[in-house]
Amino acid sequence: MPSSDTQGVVLVHGKSGSPRRHVTVLGQALEQAGFLVDIPEMPWSRSRAFDRSYDEAMAEIDAAVARLATRGAQAVSLAGHSLGANAAMGYAARRQGVKAVVGLAPGHTPEFTADLLAESLERARLMVAQGRGSERADFYGTFQGRAVPMPMRAADHLSYDDPAGPAVMPRSTASWPAPLPFLWVVGDADPMARRGPEYAFAKAPEHPLSRYVTVPADHFTAPEVAAGLVVEWLLGLD
């Protein structure tokens, strides 16, 4: 089995975050434990503001996995916070060879926000139907349950926010091609905690090392609070 110094972790930050926001402590803890870590800046960072689609984000994770392989990683796990957790689950549904998935305060639930964004989504669908999907416009997305302005390309808006699109976590976990070790961590003060394991965790193919854990944290502090837990769980996979 690969030792920790030949295991890689792609750590995916959350919406409006960055590689230096909310996931820093966890990244440092992983590195101190000997893991090779790559924290890419994703299309939903504060500075990039959804400049690529959900599927294009998968290619950016591919690039992070490739960088870890170049550094010597023999196996790569995916860990993500909020929308980053959503993306980690989506990546495991679309790619082979993922060692494990860690979802920290998983977020972004287009199936529950479609009514809130109905007018914005309908404008995006119309633009795509007119062949204008690559045009940017003033759409709305969500942040912590609120509709907020998010200018982006029409097709990209649908990729993130359409309930029929790719960013629905239960659909992603149910689509994993094989059982994977899956760690779901949610803060007890995070609204997602009310949905329980039945929402998306239990829809993944069952694996004996998977765990659903609630920690004393909110949506933003969960990655830091759970850093030791994540490291211990990843080390224990072998």
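Among residues of region 87-109 being farther than 16 Å from PRO197 by Cα and of a type in the set (Gly, Ala, Ser), the one that is surrounded by the most Cβ atoms within 10 Å (Cβ to Cβ) is ALA87. Applying the criterion of being within 24 Å of MET192 (Cβ to Cβ) and open to solvent by 90 Å² or more (accessible area, probe 1.4 Å) to the residues of region 118-148, the residue that is modelled with the lowest pLDDT is GLN144.
From the list PHE220, PHE139, the one residue that fits, being within 21 Å of VAL12 (Cβ to Cβ) and among the aromatic types (Phe, Trp, Tyr), is PHE220.
Of all residues in region 44-59, those that are surrounded by fewer than 22 Cβ atoms within 10 Å (Cβ to Cβ) and in contact with a Lys or Arg (Cβ under 7 Å, 6 or more places away or on another chain) total 1. Across region 176-203, the qualifying residues are those that are under 18 Å from LEU83 (Cα atoms) and of a type in the set (Gly, Ala, Ser), and the one among them that is surrounded by the most Cβ atoms within 10 Å (Cβ to Cβ) is ALA200. Starting from residues that are out of contact with any helix residue (DSSP H, G or I) (no Cβ under 6 Å at 6 or more places or on another chain) and open to solvent by less than 30 Å² (accessible area, probe 1.4 Å), keep the ones in region 211-229 and report whichever is nearest to GLY17 (Cα to Cα). So the residue we want is HIS219. Among all positions in region 6-15, there is at least one residue which is out of contact with any strand residue (DSSP E or B) (no Cβ under 7 Å at 6 or more places or on another chain) and touching a residue at least 24 places away in the same chain (Cβ under 8 Å). Helices (runs of 4 or more DSSP H) fully within region 1-94 that include at least 3 residues being out of contact with any Leu (no Cβ under 7 Å at 6 or more places or on another chain) and farther than 30 Å from TYR140 by Cβ: 24-32, 54-70. How many residues, within region 60-86, are open to solvent by less than 40 Å² (accessible area, probe 1.4 Å) and of a type in the set (Asp, Glu)? Counting residues in region 60-86 that are open to solvent by less than 40 Å² (accessible area, probe 1.4 Å) and of a type in the set (Asp, Glu) gives 0. Have a look at GLU224, GLU206 and point out the one that is assigned to a helix (DSSP H, G or I) and either without any contact (Cβ under 8 Å) to a residue 12 or more places away in the chain or of a type outside the set (Ser, Thr, Tyr) (or both). That would be GLU224, the only listed residue that is assigned to a helix (DSSP H, G or I) and either without any contact (Cβ under 8 Å) to a residue 12 or more places away in the chain or of a type outside the set (Ser, Thr, Tyr) (or both).
Of the residues in region 7-43, how many are touching a Pro at 6+ places or on another chain (Cβ under 8 Å) and either on the phi > 0 side of the Ramachandran plot or open to solvent by 30 Å² or more (accessible area, probe 1.4 Å) (or both)? Qualifying residue count, region 7-43: 4.
Among the residues of region 157-173, those identified as open to solvent by 10 Å² or more (accessible area, probe 1.4 Å) and closer than 16 Å to GLU122 by Cβ are LEU158, SER159, ASP162, PRO163, ALA164, GLY165.
The values are calculated or read from the model by the stated rules, or taken from the named source; none is laboratory data. Please read all numbers here as calculations on a predicted model, not as lab measurements. Here Cβ is always computed from backbone atoms with ideal geometry, including for glycine, and neighbour counts include all displayed protein chains. The accessibility values were calculated without ligands, DNA or RNA, using every heavy atom of the protein model including side chains. Shrake-Rupley method; radii C 1.70, N 1.55, O 1.52, S 1.80 Å.
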